[in-house]
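Enquirer: Take this structure, written in structure tokens, and hold onto it; I'll ask about it next.
The values are calculated or read from the model by the stated rules, or taken from the named source; none is laboratory data. Note that the coordinates shown come from a computational prediction; the quantities given were computed from them, not determined experimentally. Positions of Cβ are generated from backbone atoms using ideal geometry, with glycine treated the same way; all protein chains shown enter the neighbour counts. Please note that ligands, DNA and RNA were not included when accessible areas were found on the heavy atoms of the full protein model with its side chains. Shrake-Rupley method; radii C 1.70, N 1.55, O 1.52, S 1.80 Å.
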Amino acid sequence: MSTDPMSSEIITVQSHIIEKQRKHPQATGEFSWLLSGITLATKIIESKVRRAGLLDILGADGRINVQGEIVQKLDRIANETLLRTLGYRGNIGIMASEEDDEPHMVKDVGEEGRYIVLFDPLDGSSNIDVNVSVGTIFSVLRRKAGEWNRENPVVHLLQPGFEQVAAGYVVYGSSTVLTYTTGNGVHMFTLDPDIGAYVLCNEDVKMPDTGKMYSVNEAYLSTFPKGYRDYLGWAKGEGYSLRYIGSFVADFHRTLLRGGVFLYPPTTKQPEGKLRLLYEANPMAFIAQQAGGAASDGTQAIMKKQPKALHERTPLIIGSKSEVDRVLGFLA
Ligand code: AHM
Ligand code: MG
């Protein structure tokens, strides 16, 4: 091992974002400020997730913990943490959360506050009580020309995924990993708990183009459309493996690194699929595309879909390009 302290550089997510922004002469720095708000919020959430068992904040709302405090569910805490951290950045006009029916328009935002942040504060939160990985997913949009529509802020949010200016997720797993893209590749950072900083671990991540692994809740098989059933039958014959955690963020993270395909098809119970277009499918589709993978709803690319409602759901096929194409071949 080299003893030269200059032989390897430590790059934090903050310095990485600033460095990338420097390549854009028109950049004002406010975008870096916004992303630093998101990373700060995820560090606060991660500390709550790590201490959940100790602090007794698992389970349902309304219980009293040992200190006599009202117990809040972790997903509420994660939601409030993001709203509080981002609401004061000055450059964000609207925040929308999977947890809340209506978007949050920042009251005193001026016209300079031109960003919109959408998030799923704690994806997979039903897995928390059994100590399985959960995560935060985010998507950043820019306000289109014109002023804020304060009466009906939803109009600003219904933008197709290709309009995203950034997207990312944090998985609170055996370690805490942040992955983001601003349209210049996909970059991955691990939280070093000793210094409290996300440190670059994987720059310009590429998803393997193939991978003999599928990820789906196969218990619903009999209610999937025929094409999905045919694909899954074919994959078994080809010796594929099944991996399904039931936390989208964790299932996606594995698919990004190892390849394969994640599926949440339409089912009898959920004819539009279960996952949300704006909070889950679009940000992950942006990351997949930037890593060389693909994402589709079975008929069109996820990022081309024109959203019609804030909490719209979508069927989702996402992962290695060849595997996604294979599924689409069975659906055709
Ligand atoms: P939620 O929005 O109720 O948290 O559900 C989202 C989660 C995803 O993390 C996961 O991929 C999916 O639900 C699992 O659903 P199922 O239990 O139907 O397999
Ligand atoms: Mg979710």
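Enquirer: Give me the aspartates and glutamates in straight-line cross-link reach of Lys107: C-alpha distance below 18 Å, same-chain residues under 8 apart excluded.
Expert: The qualifying aspartates and glutamates are Glu80, Glu147, Glu151.
Enquirer: Evaluate the Debye formula for segment 13-202 with equal point scatterers sitting on the alpha carbons, no solvent, and hand back log10 of I(q)/I(0) at q = 0.17 Å⁻¹, in q order, two decimals.
Expert: One equal scatterer on each Cα of segment 13-202 leads to -1.14.
Enquirer: Under the rule of at least 5 residues apart or a separate chain, name every residue whose amide H is placed under 5 Å from the amide H of Arg313.
Expert: Leu277
Enquirer: Let me ask something else about it. Percent of Cα-Cα pairs per 20 Å bin, from 0 to the last occupied bin, for the chain, please list those.
Expert: Binned Cα distances yield the sequence 31, 58, 11, 0.
Enquirer: Once the other residues with Cβ under 13 Å from the Cβ of Glu19 are scored (Lys, Arg +1; Asp, Glu -1), what is the net sum?
Expert: My count for the surroundings of Glu19 gives +1.
Enquirer: What's the local net charge at Ala41, with K and R +1, D and E -1, over the other residues with C-beta under 12 Å away?
Expert: +2
Enquirer: Follow-up question, since we're still on this one. How many Å² of accessible area per residue for segment 220-281, probe 1.4 Å?
Expert: Normalised by residue count, the accessible surface of segment 220-281 is 42 Å².
Enquirer: Which value, in Å² and to the nearest 10, is the accessible area of Val165 when all protein chains are kept and the probe is 1.4 Å?
Expert: Roll a 1.4 Å probe over it and Val165 shows about 30 Å².
Enquirer: Next question, about the same structure. So what is the 222 nm mean residue ellipticity for the chain from helices alone, if each DSSP H run of at least 4 adds -39500 (n - 2.57) and you divide by all residues, rounding to the nearest 500 deg cm²/dmol?
Expert: So the helix-based figure for the chain works out to -8500 deg cm²/dmol.
Enquirer: Another question, then. Mind listing the phi-derived Karplus ³J(HN,Hα) values for segment 146-155, rounded to whole Hz, using 6.51, -1.76 and 1.60 with θ = phi - 60°, and x for any glycine or proline?
Expert: x, 8, 5, 9, 6, 6, 9, x, 4, 4
Enquirer: Loop-only check: which GluC sites (Glu not before Pro) in segment 104-183 are DSSP coil with at most 16 other Cβ within 10 angstrom?
Expert: Glu111, Glu112, Glu147, Glu151
Enquirer: Highest GNM mean-square fluctuation, the chain, Cα pairs closer than 10 Å: which of Glu98, Glu280, Glu19?
Expert: Residue with maximal mean-square fluctuation among Glu98, Glu280, Glu19: Glu19.
Enquirer: While we're here: If I take every Cα pair under 8 Å that is 6 or more residues apart in the chain, average their sequence separation and divide by the length, what percent do I get for the relative contact order?
Expert: Computed over the chain, the figure is 15 percent.
Enquirer: Related question: For the chain, modelled as a GNM with alpha-carbon contacts under 10 angstrom, which of Ile11, Ile116, Ile77 fluctuates the most?
Expert: The residue with the greatest mean-square fluctuation here is Ile11.
Enquirer: Can you put Trp148, Trp234 in order of accessible area, largest first, using a 1.4 Å probe?
Expert: Highest to lowest solvent-accessible surface, that is Trp234, Trp148.
Enquirer: Let me ask you something else. How much area per residue is accessible in segment 13-202 when the probe is 1.4 Å and only protein heavy atoms are counted (Å²)?
Expert: On a per-residue basis, 45 Å².
Enquirer: Taking Cα atoms of segment 92-201, Rg/Rh with Kirkwood Rh, to two decimals?
Expert: Here the Rg-to-Rh quotient is 1.03.
Enquirer: So which of Lys274/Lys305; Lys226/Lys321; Lys206/Lys274 end up more than 18 Å apart by C-alpha?
Expert: The pairs that break the limit, which is 18 Å between Cα atoms, are Lys226/Lys321; Lys206/Lys274.
Enquirer: Of the accessible area of segment 213-331, with the probe set at 1.4 angstrom, what percent is carbon plus sulfur?
Expert: Carbon and sulfur together cover 50 percent of it.
Enquirer: If the elastic network links every pair of Cα atoms under 10 Å, which of Ser15, Ser125, Ser296 fluctuates the most in the Gaussian network model of the chain?
Expert: Ser15
Enquirer: Quantify how much of the Cα-Cα distance distribution of segment 213-331 extends past 19 Å, in percent.
Expert: The proportion of pairs with Cα distances above 19 Å equals 39 percent.
Enquirer: Can you classify segment 137-251 as rounded, prolate or oblate using the Cα gyration tensor, where a ≥ b ≥ c are the square roots of its eigenvalues, rounded means a/c under 1.5, and otherwise it's prolate if a/b beats b/c and oblate if not?
Expert: Note, shape of segment 137-251 comes out oblate.
Enquirer: When the dipole is taken about the Cα centre of the chain, and only Lys, Arg (+1) and Asp, Glu (-1) are charged at their Cβ, what size is it in debye, to the nearest 20?
Expert: Using Cβ point charges on Lys, Arg, Asp and Glu, the chain gives about 620 debye.
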